[in-house]
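Novice: One structure follows; several queries about it will come next.
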Amino acid sequence: MQSVITATGSYLPSVIVTNDALALRVDTSDAWIRERTGITQRHIAAQGEQTSHLALRAAQAALESAGYSAHKIDGIVVATATPDTTMPSVAAKVQAGLGITKGAALDVAAACTGFIYALSVAHGWIQTGIATRVLVIGAETMSRIIDWEDRNTCVLFGDGAGAVILEAVPSGTRGIRAITLEAAGEFAPLLGTHGGVSSTQTAGTLFMQGQEVFRHGVEKMASVTLATLEKAGLTLADVDWLIPHQANARMIRMIARQLKIAQEKCVITVAEQANTSAATIPLALDIARRDGRLQPGNIVAMPALGAGLTWGCCVISW
Ligand code: COA
């Protein structure tokens, strides 16, 4: 069985917060944010709009692009660091929202690497016959764990959701070619939240040592891309599109430069969406599919890095 991405969808909350609007709240400027990160704006969920609402909208968009009803779905994996509730999972809520009752549903917590981890879970379900059509969703309301007084972090993040359908296809050359997953918990002090359910009974707010995370991001996303291509029996020359986790445009350009991948082969969405954590890669996939950049047979490399630290990469033949 091949695990093929057959559809994509996404959802961004309608409220847009510009850099200038943030500069009214904290000591920052549009020029600083653009120059250091490439970010110009971010979407922020409205009051009452929760991660499962975003995830459901992205899932519905993916089903619309697939052209079939939710009843064909037999598995849901949601990557998120910002679930509505500790339990049940966002995935279970999406299942209920879609009006379906069959198949597995679970959330995956690997921060900004979450979508790649979630793809590996869905791939495993398909390879072992547990499921045949899995909604794999990255969905976040990062705005709920941001310290809006901290200019070091509040300018970097946004809310949103992206979804793909990973489908069992009997034969052919399309589909997941290789996945690499890594983690190093020793780096937990670099990026995380102050607090959480079992420590402070709150979700906590985000902290980050930006420069250190940047350094690990460039080094680890570049090396894991190479390792995953090698596992797939491919080389850098085979890559049609680099669709990395979107944390910082400078970081993406540096990774591409290290890998000697042309900048034109990078899909960059961070300017309009900022860092939506586990949602950045499926959001970027949806944009690149809809604007026609992704064509059948294209080799796509999707490296990511996030809190944990966790990192990984999926190489897929589109
Ligand atoms: N506006 C204005 N100034 C700011 C600022 C902001 N929003 N945020 C930080 N600064 C200041 C700092 O206080 C510092 O001032 P100082 O020199 O007086 O101490 C100065 O800008 C430089 O800060 P520094 O942290 O060295 O900037 P940087 O060039 O490393 O950029 C990040 C900061 C956060 C943009 C960058 O480190 C980054 O993108 N890191 C990785 C982020 C990431 O990927 N996170 C998620 C991973 S999943």
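The values are calculated or read from the model by the stated rules, or taken from the named source; none is laboratory data. Computed from a predicted model, the values in this text were never measured in an experiment. Methodologically, a virtual Cβ is constructed for each residue, glycine included, from the backbone with ideal geometry; neighbour enumeration extends over all protein chains shown. When the accessible area is computed, the model is the full protein with side chains, heavy atoms only, and any ligands, DNA or RNA have been set aside. Shrake-Rupley method; radii C 1.70, N 1.55, O 1.52, S 1.80 Å.
Novice: Between ALA45, ALA96, ALA168, find the one with the highest GNM mean-square fluctuation for the chain; connect C-alpha pairs within less than 10 Å.
Specialist: ALA96
Novice: Springs between alpha-carbon pairs under 10 angstrom, Gaussian network model over the chain: which of PRO282, PRO244, PRO13 fluctuates most?
Specialist: PRO13
Novice: Which percent of the accessible heavy-atom area of segment 1-95 goes to carbon and sulfur, probe 1.4 angstrom?
Specialist: Reported share for carbon and sulfur atoms: 51 percent.
Novice: Net charge near TYR11: determine it from the other residues with C-beta under 11 Å of the C-beta of TYR11, scoring Lys and Arg +1 and Asp and Glu -1.
Specialist: Details: positive: ARG57; negative: GLU49, ASP159, ASP286.
That sum, taken over residues with Cβ under 11 Å, equals -2.
Novice: Short version: ³J(HN,Hα) in whole Hz for each residue of segment 305-310, in order, from phi by Karplus 6.51 cos²θ - 1.76 cosθ + 1.60 (θ = phi - 60°), x for Gly and Pro, what are they?
Specialist: My calculation for segment 305-310 gives 9, x, 4, x, 5, 10 Hz in order.
Novice: State the antiparallel share, in %, of DSSP beta bridges confined to segment 31-169, rounding to the nearest 5. Please list the in-between numbers first.
Specialist: Details: 9 of 19 bridges.
Percentage antiparallel, nearest 5: 45.
Novice: Determine the per residue accessible area of segment 153-285 with all protein chains present and a 1.4 angstrom probe, expressed in square angstrom.
Specialist: On the way: 5360 Å² over 133 residues.
Ligands and nucleic acids excluded, the figure is 40 Å² per residue.
Novice: Take the alpha-carbon centre of segment 179-220, take the same for segment 67-143, and report the distance between them in whole Å.
Specialist: Their Cα centres are 22 Å away from one another.
Novice: Rounded to a whole number, what % of the accessible area of segment 201-274 do carbon and sulfur atoms account for, probe 1.4 Å? Intermediate values should be presented prior to the final figure.
Specialist: Values: 1810 of 3380 Å².
Reported share for carbon and sulfur atoms: 54 percent.
Novice: Tell me the carbon and sulfur percent of the accessible area for segment 114-165, rounded to whole percent, probe radius 1.4 Å.
Specialist: 47
Novice: Over the chain, how many pairs of lysines fall under 22 Å by alpha carbon, counting only those 8 or more apart in sequence or from different chains?
Specialist: Final tally of qualifying lysine pairs is 8.
Novice: Dipole magnitude of the chain about its Cα centre, charges +1 at Lys/Arg Cβ and -1 at Asp/Glu Cβ only, in debye to the nearest 20?
Specialist: Here the chain has a charge dipole of around 620 debye.
Novice: For every helix of n ≥ 4 consecutive DSSP H residues, a contribution of -39,500 (n - 2.57) applies; sum these over the chain, divide by its total residues, and give [θ] at 222 nm rounded to the nearest 500 deg cm²/dmol. All intermediate terms of the calculation are to be shown ahead of the outcome.
Specialist: Numbers: 11 runs with 108 residues, N = 318.
Result for the chain: -10000 deg cm²/dmol, rounded to the nearest 500.
Novice: How much FRET efficiency would the formula 1/(1 + (r/R0)^6) give for MET1 and ASP291, where r is the Cβ-Cβ distance and R0 is 22 Å, rounded to 0.05? Walk me through the numbers on the way to the answer.
Specialist: Details: r = 30 Å, r/R0 = 1.35.
Plugging the Cβ-Cβ distance into 1/(1 + (r/R0)^6) gives 0.15.
Novice: If you bin the C-alpha pair distances of the chain every 10 Å from 0, what whole percents do you get?
Specialist: 6, 30, 37, 22, 5, 0
Novice: Out of the trypsin sites (Lys or Arg not before Pro) in segment 218-318, which ones are loop residues according to DSSP with at most 12 other C-beta atoms within 10 Å?
Specialist: Qualifying residues, ordered by number: LYS260.
Novice: Can I ask one more? What would the Debye formula give as log10 I(q)/I(0) at q = 0.20, 0.27 Å⁻¹ for the alpha-carbon point model of segment 84-128, no solvent?
Specialist: The calculated log intensity ratios at q = 0.20, 0.27 Å⁻¹ are -0.74, -1.07.
Novice: Which one of ALA262, PHE157, ALA188 has its Cα pushed farthest toward the positive end of the charge dipole of segment 112-265, where Lys and Arg give +1 and Asp and Glu give -1 at the Cβ?
Specialist: Positive-end residue among those listed: ALA262.
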